[in-house]
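Peer 1: I am attaching a structure below and will ask some questions about it afterwards.
What follows draws every value from the coordinates through simple rules; no lab data is involved. Since the model is a prediction, treat every value here as computed from it, not as a measurement. Heads up, the Cβs are rebuilt from the backbone with ideal geometry, glycines too, and the neighbour counts pull from every protein chain shown.
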Amino acid sequence: MPHLPLHAGWIEVVVGPMFSGKSEELIRRVKRALIAGQTVMVFKPRLDDRYHASDVVSHDGKRIEALSVADSSELSRNLPNPLPEVVAVDEAQFFDPGLVKLLLELAHQGVRVIVGGLDMDFRAEPFGIMPELLARAEYIEKLTAVCPVCGAPATRTQRLVNGQPARFDDPVILVGAHEAYEPRCRKCHVVVREPSRALSDRL
């Protein structure tokens, strides 16, 4: 991996449910770094092509140029030498565990690392590598959306299938937008379980 003279680097993570403004906040931080004259590279997972094949695009239409990669190995291969001063990764929950090690190495080498992602999946369970990234980050910002059911702050992501709440055993990764997901508060978040499973969970 390319090397940079040692100086202070760090990891900052922006998390929250869908429609909470995570990508918008990542884009804002990247643009401020660019205005400051810093070198920046932005990455996103290739499977997330909802709004654009490569650019990071927020739900409200803001965008920043990015490189779409399949996994952490491809991301590492695309890092230049010398390293950029800032590396940003959006939708980090879709990446493999190797991303955590890579981002730690970048921070150790003096890079400012900006990460955006969902901290919980549609079942309100910790999502992929995000718990470890949160544990290792220097700075964390947890955003909320607005629950469309009751108007309370939304911290969870509701998956809807044909307008109805998804089942607990549905696949975790199903990329979609308004037609498949909406933010919900704890009270209004619903995950359908089999009666037998729900009973066993209470025992």
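Peer 1: Under 5 Å between amide hydrogens, which residues at least 5 positions from I140 or on another chain qualify, with H placed 1.01 Å from N in the peptide plane?
Peer 2: Those lying under 5 Å, H to H, from I140 are V13.
Peer 1: With a ≥ b ≥ c the root eigenvalues of the C-alpha gyration tensor of the range 10-143, is it rounded (a/c under 1.5), prolate (a/b larger than b/c) or oblate?
Peer 2: rounded
Peer 1: Using +1 on the beta carbon of Lys and Arg, -1 on that of Asp and Glu, and nothing else charged, what's the dipole of the range 107-146 about the Cα centre, debye to 20?
Peer 2: With only Lys, Arg, Asp and Glu charged at Cβ, the dipole is about 100 debye.
Peer 1: Can you tell me the dipole magnitude for the range 10-143 around its Cα centre, using point charges on the Cβ only (Lys, Arg +1; Asp, Glu -1), in Debye to the nearest 20?
Peer 2: Approximately 320 debye in magnitude.
Peer 1: If I model a spin label as a point 7 Å beyond the Cα along the Cα-Cβ vector, how far apart are those points for D169 and R28 in nm?
Peer 2: If labels sit at D169 and R28, their model points lie 4.2 nm apart.
Peer 1: A further question on this structure: Through the Karplus equation 6.51 cos²θ - 1.76 cosθ + 1.60, θ set to phi - 60°, convert the phi angles of the range 79-92 into ³J(HN,Hα) values in whole Hz; use x for Gly and Pro.
Peer 2: Those phi angles translate into 6, x, 10, x, 5, x, 6, 10, 10, 10, 10, 9, 6, 5 Hz.
Peer 1: Once amide H atoms are built 1.01 Å from N in the peptide plane, which residues 5 or more positions from V42, or in another chain, come under 5 Å H to H?
Peer 2: Here L67, A88 satisfy the definition.
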